[in-house]
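Okay, so here's the structure we're looking at.
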Amino acid sequence: EAVRGIDFHIESGECFGLLGPNGAGKTTTVRMLCCVLPLTSGSISVFGLDAGRNPREIKARLGVCPQENNLDPDFGVRQNLIVFSRYFDIPKALASMRADEVIKRFRLEDKAGVCVEDLSGGLKRRLMVARCLINKPDMVILDEPTAGLDPQSKHQIWDEVKAMKDAGVTVLLTTHNMEEAQLLCDRLIIVDTGRI
């Protein structure tokens with residue numbers, strides 16, 4: 001059992017942390033919250049909607065940055081953002097405008113046409129966080145967003161999380177970094193062996 005029965009509530013506009021070691025059940029919890037992994041028991045409510053009955057409605061309001069890199073290696077930075085926006089039925093002109101907005105926000109202007117495969121690990125991570133904002137989500141889920149990053153890239157991600165909080169966006173952050181949790185989270189739970 002990856003998750004053995006945990007219970008928590010996230011307030012609107014806060015940064016809520018899932019802190020714990022690798023293999024604690026954090027990513028499994030996130031995958032269930034994102035309606036990617038079905039529940040074997042219990043229930044999950046996101047935005048007051050049942051995750052089992054309303055996955056499309058929930059997914060439309062989430063911005064998710066998974067732990068693993070799932071950028072399209074065949075496209076450049078800007079094209080990755082525009083193609084991803086199709087999942088949310090964002091009209092082409094609006095998708096183009098939003099892509100330019102997040103490229104500027106994440107300081108990727110000089111990389112806009114660069115193929116993803118040619119980016120450093122830190123730039124790929126910044127692009128993944130940028131991509132999860134393309135649909136202007138009500139809640140952003142960041143699964144180990146700074147794992148393996150150098151200090152400069154880590155601080156850039158932290159600054160973006162703070163900016164999200166300042167804008168009133170709800171953030172769910174999974175991490176095993178206690179410094180990161182202390183710096184960013186308003187509240188947190190510590191998860192280990194699938195339990196709080």
Report task. Would you confirm whether any residue within the range 53-74 is in contact with a Ser or Thr (Cβ under 9 Å, 6 or more places away or on another chain), more than 24 Å from residue 149 (Cα to Cα) and outside any strand (DSSP E or B)? Result -> no
Report task. Hey, can you tell me all the residues within the range 41-52 that are of a type in the set (Ser, Thr, Tyr) and part of a loop (DSSP other than H, G, I, E, B)? Result -> 41, 43
**Report entry** Output for the range 53-69, where each listed residue is surrounded by fewer than 18 Cβ atoms within 10 Å (Cβ to Cβ) and in contact (Cβ under 8 Å) with a residue 40 or more places away in the chain
**Finding:** 60, 61, 67, 69
Query raised in the report: Within the range 188-196, can one find any residue that is farther than 19 Å from residue 101 by Cβ, outside any loop (DSSP other than H, G, I, E, B) and in contact with a helix residue (DSSP H, G or I) (Cβ under 8 Å, 6 or more places away or on another chain)?
Result: yes
Query raised in the report: Does residue 23 satisfy being surrounded by fewer than 13 Cβ atoms within 10 Å (Cβ to Cβ), on the phi > 0 side of the Ramachandran plot and at pLDDT below 95?
Result: no
Query - Test result for residue 187, modelled with pLDDT of 95 or more and not hydrophobic (A, V, I, L, M, F, W, C) - result: yes
Query raised in the report: Which residues, counting only those in the range 96-121, are buried (at least 17 other Cβ atoms within 10 Å of the Cβ), among the hydrophobic types (A, V, I, L, M, F, W, C) and not in a loop (DSSP other than H, G, I, E, B)?
Result: 99, 102, 103, 116
Report task. Report, by residue number, each residue of the range 26-52 that is aliphatic (A, V, I, L, M), crowded, with 16+ Cβ neighbours inside 10 Å and under 18 Å from the mean Cα position of the chain (by Cα). Result -> 30, 32, 33, 37, 46, 51
Report summary line: Restricting attention to the range 79-95, the residues that are open to solvent by 70 Å² or more (accessible area, probe 1.4 Å), of a type outside the set (A, V, I, L, M, F, W, C) and either touching a Gly at 6+ places or on another chain (Cβ under 9 Å) or in a helix (DSSP H, G or I) (or both) number exactly 4
Query - Residues (of a type in the set (A, V, I, L, M, F, W, C), within 13 Å of residue 139 (Cβ to Cβ) and out of contact with any Phe, Trp or Tyr (no Cβ under 7 Å at 6 or more places or on another chain)) located in the range 1-43 - result: 15, 16, 30, 33, 34, 35
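The rows are residues; the columns are (1) among the small types (Gly, Ala, Ser); (2) at pLDDT below 95; (3) open to solvent by 50 Å² or more (accessible area, probe 1.4 Å); (4) within 18 Å of residue 107 (Cβ to Cβ).
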{"position": "139", "(1), (2), (3), (4)": "no, no, no, no"}
{"position": "144", "(1), (2), (3), (4)": "no, yes, no, no"}
{"position": "149", "(1), (2), (3), (4)": "no, yes, no, yes"}
{"position": "153", "(1), (2), (3), (4)": "yes, yes, no, yes"}
{"position": "156", "(1), (2), (3), (4)": "no, yes, no, yes"}
{"position": "160", "(1), (2), (3), (4)": "no, yes, no, yes"}
{"position": "170", "(1), (2), (3), (4)": "no, no, no, no"}
{"position": "175", "(1), (2), (3), (4)": "no, yes, no, no"}
Requested in this report: Please give the number of the condition residue 124 fails out of (1) over 18 Å from the mean Cα position of the chain (by Cα); (2) open to solvent by 20 Å² or more (accessible area, probe 1.4 Å).
Outcome: (1)
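The values are calculated or read from the model by the stated rules, or taken from the named source; none is laboratory data. Since the model is a prediction, treat every value here as computed from it, not as a measurement. All Cβ positions, even for glycine, are placed from backbone atoms using ideal geometry, and neighbour counts span all protein chains on display. Remember, those area values only see protein heavy atoms, side chains included, never the ligands or the DNA or RNA. Shrake-Rupley method; radii C 1.70, N 1.55, O 1.52, S 1.80 Å.
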